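Peer 1: Would you mind keeping the following structure in view while I ask a few things?
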Amino acid sequence: MTEFTAGRENGRRRPRGYADWRPQAKTRVLLEQVQQVFTTYEDYLPLTVRQVFYALVGTFEYPKTDNAYERLCEHLVRARRARMIPFDWLRDDGVVVMQQRWFDGVADFWDHVGQQAREFEHDKQIGQPVYVELWTEAAGMMPQLARVAEKFSVPVYSCGGFASLPAVRHIVDRARRRNVPTVLLHVGDFDPSGEAVFDHIVGDASEFLQADRIIGTQKIIAERVALQAWQVAEFGLPTSPAKSTDSRSAGWTGGTCQVEALPPDVLAMLVEEAIQDYLDGDLLAQHGDTEREERVQLLRALPSGEATS
């Protein structure tokens, strides 16, 4: 058995598990503002810490500094340990899980099948003039983006830095299995690295596909949905100077901005509009009708009693 001992942080014992907390008056005010942010964007939960940070900056004039961000991170950790904020309101990444679905018996299996039938969705990209993929630089934003994209059957991918060669190759392999162009929509930071990452992925994948494609319609179309210079200006987003340590900053003019500074509802609107621009609306409606009919067929095919359980 391994014995865990509490560490110390800044000379104080680091809390473990749930821990009571009596924040100072100034911190209580900040937490009330955080609650207002969650209330405003409750339809887009979970939020990332940076989205909360930028909402505080824009709405409550919270300091836009690294120190202020670190303080917010600490306060949000303590608030969750103190049960002031539900854990599932914030998205934290870093854990990768590989797990198969197991069942505790036949009844559990049929219950799972019944749930799948009730949630059955038709692939709305079948027959479309293109196939759309949505890419994001911030893995923490994937649940929000998936909530918008899933009703169009658009998959969401994340790439935090320069994609590995296998990741690029997967794009090419998927594109080669389609007989229509592949559209890559991108959501990332407005800065030299953010743009360079996406340009690298698109350029590399396009070169491979150009050499390996089977038919002429197999190609890659790329569009940066966010963040763009006009969006930074139109929505009054906070900017910072380009990092002098980034070699790509030499040719960059103006400030930089993180995509998480964009309000979640605005981001959802931009993504949905971008997807709709590429997909046939009439065909989407037809898929919706087919989906409802096929869902009924599946439920009727379940063993007696499962369809209504």
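Here, each number is a calculation from the coordinates, and none is a lab measurement. Quick caveat, the model's predicted, so the values are computed rather than measured. Here the Cβ positions follow ideal geometry from the backbone for every residue, glycine too, while neighbour counts run over all protein chains shown.
Peer 1: In whole Å, what are the Cα extents of region 8-89 along the three principal axes, biggest one first?
Peer 2: Principal extents (largest minus smallest coordinate, Cα): 34, 26, 21 Å.
Peer 1: Further question on the same structure: Note the full-extension length gain between Asp123 and Gln210 as 0.36 nm times their separation in residues minus their Cα-Cα distance, in nm to one decimal.
Peer 2: 28.6 nm
Peer 1: Excluding Leu184 itself, calculate the net charge of residues whose Cβ lies under 15 Å from the Cβ of Leu184, where each Lys or Arg counts +1 and each Asp or Glu counts -1.
Peer 2: Taking every other residue near Leu184 into account, the sum is -3.
Peer 1: Here's a follow-up. Can you give the Kirkwood hydrodynamic radius for region 167-235, in Å, rounded to one decimal and based on Cα pairs?
Peer 2: About 12.9 Å for region 167-235.
Peer 1: Further, regarding this structure: Taking only C-alpha pairs under 8 Å that are 6+ residues apart, what is the relative contact order of the chain in percent?
Peer 2: It comes to 20 percent, rounded to a whole number.
Peer 1: Sort 192-204, 24-36 for me by packing, meaning the mean count of neighbouring Cβ atoms within 10 Å per residue, highest on top.
Peer 2: Taking the mean over residues of other Cβ atoms within 10 Å, the ranking is 192-204, 24-36.
Peer 1: State the extension gain, in nm to one decimal, for the chain segment bounded by Trp230 and Arg13, taking 0.36 nm per residue of separation less the distance between their alpha-carbons. It would help to have the intermediate numbers written out before the result.
Peer 2: Numbers: separation 217, 0.36 × 217 = 78.12 nm, distance 4.74 nm.
Going from the current span to full extension adds 73.4 nm.
Peer 1: Any idea how far the Cα center of region 174-228 sits from the one of region 236-297, in Å?
Peer 2: 15 Å
Peer 1: To continue, here is another question. Roughly what would the spin-label model give for Glu74 and Gln115, points 7 Å off Cα along C-beta, in nm?
Peer 2: Each label point is offset 7 Å from its Cα along the Cβ direction, giving 4.1 nm.
Peer 1: While we're on this one: Applying 1/(1 + (r/R0)^6) with R0 = 45 Å to the Cβ-Cβ distance of Leu299 and Lys219, what FRET efficiency is obtained, to the nearest 0.05?
Peer 2: 0.65
Peer 1: Further, regarding this structure: Can you tell me the length gained on complete extension of the stretch Ala196 to Gln100, counting 0.36 nm per residue apart and subtracting the Cα distance?
Peer 2: 30.9 nm is the gain from fully extending Ala196 to Gln100.
Peer 1: Quick one, can you get me the convex hull of the C-alpha atoms of the chain expressed as volume per residue in Å³?
Peer 2: Value for the chain: 215 Å³ per residue.
Peer 1: Cα atoms only: what Rg and Dmax, in Å, come out for region 43-147?
Peer 2: Final numbers for Rg and Dmax: 19.5, 56 Å.
Peer 1: For region 8-89, what is the relative contact order in percent, using Cα pairs closer than 8 Å and at least 6 residues apart in sequence?
Peer 2: On the way: 41 pairs, mean separation 33.1, N = 82.
Over region 8-89, the number comes to 40 percent.
Peer 1: Considering lysine pairs in the chain that are 8 or more places apart or on different chains, how many have Cα atoms under 23 Å apart? Walk me through the numbers before you get to the answer.
Peer 2: Numbers: Lys26/Lys64; Lys64/Lys243; Lys124/Lys151; Lys124/Lys219.
The number of close lysine pairs in the chain is 4.
Peer 1: Right, next: Any idea what the alpha-carbon Rg over 2.2 N^0.38 Å comes to for region 167-309?
Peer 2: 1.44
Peer 1: Given an 8 Å cut-off on Cα distances and at least 6 residues of separation, report the relative contact order of region 129-279 as a percent.
Peer 2: 28 percent
Peer 1: Of all GluC sites (Glu not before Pro) in region 40-95, which ones are in loop regions per DSSP and have a Cβ with at most 11 other Cβ atoms within 10 Å?
Peer 2: Qualifying residues, ordered by number: Glu61.
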